1. Residue by residue through the range 122-139, note down the ones that are touching a residue at least 40 places away in the same chain (Cβ under 8 Å) and more than 18 Å from residue 63 (Cα to Cα).
2. What's the total number of residues in the range 147-164 that are farther than 11 Å from residue 211 by Cβ and under 17 Å from the mean Cα position of the chain (by Cα)?
3. Could you look through the range 174-202, keep only residues that are under 14 Å from residue 136 (Cβ atoms), assigned to a loop (DSSP other than H, G, I, E, B) and out of contact with any strand residue (DSSP E or B) (no Cβ under 8 Å at 6 or more places or on another chain), and pick out the one that is modelled with the highest pLDDT?
4. Output the number of residues of the range 146-173 satisfying the condition of being in contact with a helix residue (DSSP H, G or I) (Cβ under 7 Å, 6 or more places away or on another chain), surrounded by 15 or more Cβ atoms within 10 Å (Cβ to Cβ) and over 21 Å from residue 73 (Cα atoms).
5. Among the residues of the range 125-141 satisfying the criterion of being surrounded by fewer than 21 Cβ atoms within 10 Å (Cβ to Cβ) and modelled with pLDDT of 95 or more, which is farthest from residue 199 (Cα to Cα)?
6. For residue 205, indicate whether it is in contact with a strand residue (DSSP E or B) (Cβ under 9 Å, 6 or more places away or on another chain) and modelled with pLDDT under 95.
7. If you go through the range 122-135 one residue at a time, how many are assigned to a loop (DSSP other than H, G, I, E, B) and touching a helix residue (DSSP H, G or I) at 6+ places or on another chain (Cβ under 7 Å)?
8. For residues that are under 17 Å from residue 90 (Cβ atoms) and touching a residue at least 40 places away in the same chain (Cβ under 8 Å), scanning just the range 174-189, find the one that is surrounded by the most Cβ atoms within 10 Å (Cβ to Cβ).
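The values are calculated or read from the model by the stated rules, or taken from the named source; none is laboratory data. Keep in mind that this is a model prediction, so the values were computed, not measured. Here the Cβ positions follow ideal geometry from the backbone for every residue, glycine too, while neighbour counts run over all protein chains shown.
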């Protein structure tokens with residue numbers, strides 16, 4: 001399958017490289033097609049690694065991963081052009097974080113009675129947005145088995161079949177435990193949950209930890 005990955009940072013490159021490892025062809029998208037990070041990534045990942053602009057990447061991908069910095073996510077999707085995303089699954093890994101004085105706050109435009117995931121779905125109503133993997137470090141996104149215990153891969157979105165496809169992607173990434181939180185409004189909680197990494201990182205000094213949903217199987 002052809003995937004488009006919007007962004008060139010650690011999250012984007014982690015996801016894109018794993019997709020290539022799984023046998024897919026991937027285009028890494030940025031504002032400019034000759035982005036230095038993209039060029040270096042493509043050299044490392046062979047013939048199935050393509051690079052392009054946000055627009056070119058949206059056209060190329062049958063499915064799209066949105067891995068840009070959260071506060072720039074809406075602008076990046078506008079640059080990709082809404083029609084190029086129509087009918088596709090967009091897997092959204094973004095968070096609307098503002099970093100200040102060693103803490104994280106949610107951008108006020110995407111908190112309270114909405115979330116970045118919801119606003120993305122409103123922007124591209126004919127695209128099937130599924131939020132996932134935005135609440136943990138990128139070192140575990142495609143390698144959850146790095147930890148000694150199975151952690152939970154949470155996801156949410158409005159389209160049932162799109163969520164089933166994303167669950168399959170998570171399984172291919174190595175996730176044994178997954179959990180459907182519901183519709184895209186549940187992105188409010190995973191976006192808040194993602195900020196939890198700050199105090200934990202402050203105590204552990206690393207991102208090698210995750211969350212496990214332990215259920216009462218008797219009920």
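1. 135, 136, 137, 138, 139
2. 8
3. The extreme case among them is 174.
4. Looking only at that region, the number is 3.
5. 126
6. No: the conditions fail for residue 205.
7. 5
8. 187
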